[in-house]
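Okay, so here's the structure we're looking at.
The values are calculated or read from the model by the stated rules, or taken from the named source; none is laboratory data. Quick caveat, the model's predicted, so the values are computed rather than measured. So basically every Cβ, Gly included, is an ideal-geometry build from the backbone, and we count neighbours across all protein chains shown. SASA here: full protein model, heavy atoms, side chains in, ligands and nucleic acids out. Shrake-Rupley method; radii C 1.70, N 1.55, O 1.52, S 1.80 Å.
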Amino acid sequence: MTINQKSFFYAIRKPLFEGRISASQVMGLSAILTAWDRVLPGRDMNQSKDLRHLAYMLATTHHETGRKMQPIRELGGSIYYRKMYDITGDRPRLARANGNTNDGDGARYCGRGFVQLTWKSNYRRAGEKLGLDLLANPDLALALQPAILILFTGMTEGWFTGKKLSDYFSASNADWFNARRIINGADRASLVADYARGYWLALQTATQQMPMDISLTQAPAPRTVLPHRRIRPSAALKRPQPPLPFHQMPMDPGR
């Protein structure tokens, strides 16, 4: 199922990018599409070929990066990171529970990438899963290829909240709204669902697929231009509880 990227970019330009896509946005999107074609066929074929999974990952990237389509550092600054994630900030118990035990860990392990990986314990687990030293070098999560692996593997395996793509998209189900629980509860769930439907329609065109059963998965046409809102990307936070298995990693319910 090779994606015709020319057709894909033509299909998303107006409804998702207000008629303009920058070179940087094209580069990020193209890298994700190429990785989907190249990496995922080695996984469970039934899951890897579901375009709704890719559409929802693209929608998540669209939202969490503020439409930049590049791995980014969480919006904010040193004062904000300390307040949110440091033992000297507003939530010291949550910080300790997630491995941020040293002054300065809040800024060191702030959100990064396409899905805003956050907290020292999550960097450690993601690094071990991917074979990367993210604990010592958290900025590796800002590199394009590691960010793509974290996006794909994390959402496919349910790293962040315990929820995964196959929980919401299967042969008998397509739940665009609640799929947001993979990342951040119901925060901006309708908005991300709109993005995802737009990407899914474009992917069908780009792979020359016929739409699946309309009763389950046919997405309504997106608005002429989906609204772009300046929203702080959500952080991959974790409930204050004893360490859990990697696939059960929870997140903050959102801001």
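For this structure, a couple of remarks:
- Any chance Thr118 is modelled with pLDDT under 95, open to solvent by less than 10 Å² (accessible area, probe 1.4 Å) and not hydrophobic (A, V, I, L, M, F, W, C): yes
- Residues in segment 66-88 that are under 29 Å from Ser30 (Cβ atoms), out of contact with any Phe, Trp or Tyr (no Cβ under 8 Å at 6 or more places or on another chain) and in a loop (DSSP other than H, G, I, E, B): 6 in all.
- When we screen Thr205, Thr153 for residues that are surrounded by fewer than 23 Cβ atoms within 10 Å (Cβ to Cβ) and over 13 Å from the mean Cα position of the chain (by Cα), the only hit is Thr205.
- Of the candidates Asn184, Asn173, the single residue that is modelled with pLDDT under 95 and under 13 Å from the mean Cα position of the chain (by Cα) is Asn184.
- Taking the criterion of being at pLDDT below 90 and either over 27 Å from Ser7 (Cα atoms) or among the hydrophobic types (A, V, I, L, M, F, W, C) (or both), the residues of segment 188-212 that qualify are Met210, Met212.
- Condition check for Ala147: surrounded by 22 or more Cβ atoms within 10 Å (Cβ to Cβ) and of a type in the set (Gly, Ala, Ser): yes
- Taking segment 20-65 and the helices (runs of 4 or more DSSP H) fully enclosed by it, the elements with 3 or more residues that are at pLDDT 90 or above, open to solvent by 40 Å² or more (accessible area, probe 1.4 Å) and not basic (Lys, Arg) are at 23-39.
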